[in-house]
Amino acid sequence: MPFDAGTRLARLSSIAFRLLPPGFAGKGAAEGRSVEPQLPVRAGLSSMSKFLSKLFLRSYSAAEIKAKGGTKQLYAVTRPFSYSSDKLGRTITVPGKFETDFASIPRAAWDILDPEDPIIAWPSVIHDYLYSCKGTLPDGFTYNRESADSVLREAMEFCGASSIIRNAVYQAVRVGGDSHWG
């Protein structure tokens, strides 16, 4: 299926407008939009596992993606984005300008697992960053691929993803993520 950045951006925009805090619409357009999942208080998770900041993104245009030699929609994080993880026992901070495609979910599965749904997108940014660091964070802390995948599942739980969705995404990255690690 041909690349369609307009459709994906429209879908992301509709998510953003539904989930932006009151009074945010129209502000910060040059820096991107903040997309926030509805974050319920999750029983069973300690108070440490949580997002510490909002996610601000800039969507790349189709021309920018093509110039990079890609075909998938890309987003740039425009402000540092932090998640405190029990699984790693530390805070992970994704730097501004980090590029993500959210979750690499086959188009055929989007009706079930939408990569732009904030319950998948927010955790996917953290996961993409962990994979890009290849097991060593800038401060020298080391972790393995299984830990990075566990952080994805943990963050999805915090965002309210059902156990079925969490486990489907976790199993998919366990099976298909090896080629993106290291």
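All of the numbers you see were taken from the coordinates with simple rules; none came from a lab. Every value quoted in this text rests on a predicted model; they were computed, and no experiment measured them. Glycine gets a Cβ as well: all are built from the backbone with ideal geometry, and neighbour counts include every protein chain shown.
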**Request:** Would you mind checking which residues have amide H under 5 Å from residue 79's amide H? H placed 1.01 Å from N; only 5 or more apart, or other chain.
**Result:** 56, 97
**Item:** lysines with Cα under 30 Å of residue 134, excluding same-chain neighbours fewer than 8 positions away
**Value:** 50, 54, 66, 68, 72, 87, 97
**Request:** Multiply the residue separation of residue 144 and residue 61 by 0.36 nm, subtract the distance between their alpha-carbon atoms, and state the gained length in nm to one decimal.
**Result:** 26.5 nm
**Complete:** Place a point 7 Å from the Cα of residue 90 in the direction of its beta carbon; the residues of region 120-137 whose amide N falls under 18 Å from it are 126-137
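Given R₀ = 25 Å, what would the calculated FRET efficiency be for residue 136 paired with residue 53, taking r from the Cβ atoms and rounding to 0.05?
Calculated value: 0.65.
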